[in-house]
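The values are calculated or read from the model by the stated rules, or taken from the named source; none is laboratory data. All figures in this text were calculated on a predicted structure; none of them were measured in a lab. All Cβ positions, glycine included, derive from the backbone under ideal geometry; neighbour counts span all protein chains shown. What goes into the accessible areas is simple: the full protein's heavy atoms, side chains included, and nothing from ligands, DNA or RNA. Shrake-Rupley method; radii C 1.70, N 1.55, O 1.52, S 1.80 Å.
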Amino acid sequence: VQLQASGGGLVQAGGFLRLSCAASGRTFSTAVMAWFRQAPGREREFVAAITWAGSVTSYTDSVEGRFTVSRDKAKNTQYLQMNNLKFEDTAVYYCAAKTVDGIRRAEALYAYWGQGTELTVSS
């Protein structure tokens, strides 16, 4: 599975942006797709995830109610709609996928990763 993330940019605090992650290759084996992020000087952290089949979602507390993860199975694409952005959302965002069922937050469980797309939120 190959993943291609896009959509990052510079946004003012309070603004919104949508990230996309297009999957190609053996996409039929995908069970869960997720977003992680890494802020400057910090470790990469889980942001959100969605099951490919059933649309079950999970969010880290800091983005709950502001971010929405979704997927378009026909387009093999995952999205992260980010609203009411805050300065602390500034990070490089990575999409990831795993072929084993069940949403998990540990990045080591995700076998496939896209390149990062950078989000900068100005205060």
### Message
Just to verify a result, which residue in region 37-59, among those that are of a type in the set (A, V, I, L, M, F, W, C) and open to solvent by less than 50 Å² (accessible area, probe 1.4 Å), is nearest to E88 (Cα to Cα)?
### Response
A39
### Query
What about S70, is it within 14 Å of the chain's Cα centre (by Cα) and among the polar types (S, T, N, Q)?
yes
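Quick one: in region 80-123, of everything that is acidic (D, E) and touching a helix residue (DSSP H, G or I) at 6+ places or on another chain (Cβ under 8 Å), which residue is surrounded by the fewest Cβ atoms within 10 Å (Cβ to Cβ)?
Among those that are acidic (D, E) and touching a helix residue (DSSP H, G or I) at 6+ places or on another chain (Cβ under 8 Å), it is E88.
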### Message
For region 67-75, check the following and say yes or no: at least one residue is in contact (Cβ under 8 Å) with a residue 24 or more places away in the chain, open to solvent by less than 70 Å² (accessible area, probe 1.4 Å) and either assigned to a helix (DSSP H, G or I) or touching a helix residue (DSSP H, G or I) at 6+ places or on another chain (Cβ under 7 Å) (or both).
### Response
no
### Message
For the list (1) farther than 25 Å from A13 by Cβ; (2) among the β-branched types (V, I, T); (3) in contact (Cβ under 8 Å) with a residue 60 or more places away in the chain, I need the number of the one condition that I50 fails.
### Response
(3)
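Residue by residue, here is whether (1) closer than 30 Å to S123 by Cα; (2) assigned to a strand (DSSP E or B) holds:
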position: V11; (1), (2): yes, yes
position: R18; (1), (2): yes, yes
position: G41; (1), (2): yes, no
position: V47; (1), (2): yes, yes
position: I50; (1), (2): yes, yes
position: L80; (1), (2): yes, yes
position: A108; (1), (2): no, no
